[in-house]
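Asks: Dropping a structure here in structure tokens format, bear with me for questions.
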Amino acid sequence: MCRRLREMSSVPIILVTALGEEDDRIHGLELGADDYVTKPFSPRELALRAQALLRRSAAQPVAAAPRELRVEDLTFDPATRHVTKAGRPLRFTSRELDLLEFFFTHAGQTLRKDELMQQVWQWQVGDTAMVSVYVRRLREKIETDPATPTILTTVWGVGYRFG
């Protein structure tokens, strides 16, 4: 959860956990946490750590909110992860949204199936047929005629192109 939150926000994160080994603390910080507090802890110490973290983060310039991404009549709002087609909201599973967001942010590029597995699923190896299944599901939702796609097209022998 920390890694996913860090991908979309710079909100301060303090992990509070019973896992106090050095490897656990290092792993938590590598995932993007700003601080790591182990049980038992003093409520006052936690409050002071939170205040210090907020004080430091307040000095940081706030990044502009991501703008809506558009491809043809599809709109994707990265902040809310809402997708509309011609103004009508569409529904997706979390993994479908992850893949669609990756396509939106790489519009116009030809993306290989193995590249999609690595970037979207974080899998180095696996059956790339799974990518084809998810692409088919996306096409059923975003294409006017999924049998002849115009938004999410196949680049034969290579992968897929969005936009």
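The values are calculated or read from the model by the stated rules, or taken from the named source; none is laboratory data. Note that the structure is predicted; figures quoted are calculated from it, not measured. All Cβ positions, glycine included, derive from the backbone under ideal geometry; neighbour counts span all protein chains shown. For the accessible areas, the whole protein counts, side chains as well, though only heavy atoms, and no ligand, DNA or RNA atoms are used. Shrake-Rupley method; radii C 1.70, N 1.55, O 1.52, S 1.80 Å.
Asks: Would you please list the contacts, defined by Cβ atoms under 8 Å and residues six or more apart or on different chains, that run from a residue in the stretch 47-74 that is modelled with pLDDT under 85 to a residue that is among the hydroxyl-bearing types (Ser, Thr, Tyr)?
Replies: Taking only residues 6 or more apart or on different chains, the pairs are Ser57/Ser10; Gln60/Ser10; Ala63/Ser10.
Asks: Can you find a residue in the stretch 82-92 that is more than 24 Å from Arg3 (Cβ to Cβ), without any contact (Cβ under 8 Å) to a residue 12 or more places away in the chain and in contact with a Phe, Trp or Tyr (Cβ under 9 Å, 6 or more places away or on another chain)?
Replies: yes
Asks: Quick check on the stretch 127-163: of everything there that is part of a loop (DSSP other than H, G, I, E, B), without any contact (Cβ under 8 Å) to a residue 12 or more places away in the chain and hydroxyl-bearing (Ser, Thr, Tyr), which residue is least open to solvent (accessible area, probe 1.4 Å)?
Replies: Filtering first and then ranking leaves Thr148.
Asks: Would you check if there is a residue in the stretch 90-107 being over 22 Å from Thr75 (Cβ atoms), of a type in the set (S, T, N, Q) and in contact with a helix residue (DSSP H, G or I) (Cβ under 9 Å, 6 or more places away or on another chain)?
Replies: For the stretch 90-107, residues over 22 Å from Thr75 (Cβ atoms), of a type in the set (S, T, N, Q) and in contact with a helix residue (DSSP H, G or I) (Cβ under 9 Å, 6 or more places away or on another chain): absent.
Asks: Go through the stretch 73-126 and count every residue that is surrounded by fewer than 13 Cβ atoms within 10 Å (Cβ to Cβ) and in a strand (DSSP E or B).
Replies: Selection size over the stretch 73-126: 2.
Asks: Being surrounded by 12 or more Cβ atoms within 10 Å (Cβ to Cβ), in a helix (DSSP H, G or I) and of a type in the set (D, E, K, R) is the filter here; which residues of the stretch 10-60 pass it?
Replies: Asp24, Arg25, Arg49
Asks: Look at the stretch 140-158 and say how many of its residues are in contact with a Leu (Cβ under 9 Å, 6 or more places away or on another chain) and under 12 Å from Lys85 (Cα atoms).
Replies: Number satisfying all stated conditions: 4.
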